[in-house]
Amino acid sequence: MKAKRFFLVIAMVFAMQQAFTQQTPDKWAKWNYLIGEWVGEGNGQPGKGSGSFSLSFDLDGKILVRKNHAEYPETKEKEAFVHTDLMFIYPDNSDNISKAIYFDNEGHIINYLITYAENSITLTSEAIPNGPRFRFTYIMIDNDTINVKFEIAQPNNTEAFKTYIEGKCFRKK
């Protein structure tokens, strides 16, 4: 009886270790500095705004989920508004973390391809005939500070990205 309990405890410890390992596999290493909750402020064409986002693992570490909430106060030109979005970051068929899909409360759906540099991660939308392209970049400043930049390229020149929103985010304590 004691031997059965011992093996049961060992099996449970092994299962818990496997579950933890699955949540943070090495393939996600380039994203580790972004995991958590962030707050920030930015400025751009929609005006000055503030907000927060979170990035966390889901589906047993198979995907990352980004949830974003931004608020833009009323100005002389525009009414106050809230922007929320949801993004799923996932591996391609070769298990490289190279794709994302984005949805927002304005009805946008954007498919992104992901590229990496030493201190940044860039998501660039796929080219769509007669459509704009989008580029979103996280730039690591330090472990608790990042710069974020969202750019748009018009359909007639899909490589000429212009900044739409840029800001700094700080890790929530």
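Values quoted throughout were computed directly from the atomic coordinates according to the rules given, and no laboratory measurement underlies them. Since this is a predicted model, take the numbers as computed values, not measurements. Cβ placement follows ideal geometry from the backbone for every residue including glycine, while neighbour counts extend to all protein chains displayed.
What FRET efficiency would be calculated for the residue pair GLU106, LYS168, taking the C-beta separation as r and a Förster radius of 35 Å, to the nearest 0.05? Efficiency at R0 = 35 Å is approximately 0.90. Over region 27-171, how many pairs of lysines fall under 15 Å by alpha carbon, counting only those 8 or more apart in sequence or from different chains? The result is 11. Subtracting the Cα-Cα distance of THR145 and VAL82 from 0.36 nm times their residue separation leaves 20.3 nm of extension gain. Extension gain, ALA160 to GLU37, is 41.1 nm, computed as 0.36 nm per intervening residue step minus the present C-alpha separation.
For region 56-152, place one equal point scatterer on every Cα, skip the solvent, and apply the Debye formula. What is log10 of I(q)/I(0) at q = 0.21 Å⁻¹? Values returned for q = 0.21 Å⁻¹ are -1.27.
Please give me the summed charge of the neighbours of GLU151: other residues whose Cβ is under 14 Å from its Cβ, Lys and Arg +1, Asp and Glu -1.
Residues close to GLU151 contribute a combined charge of +2.
Evaluating 6.51 cos²θ - 1.76 cosθ + 1.60 at θ = phi - 60° for every residue in region 154-171, the Karplus couplings come out as 6, x, 7, 8, 6, 10, 9, 6, 10, 4, 9, 9, 9, x, 10, 10, 10, 4 Hz, glycine and proline recorded as x.
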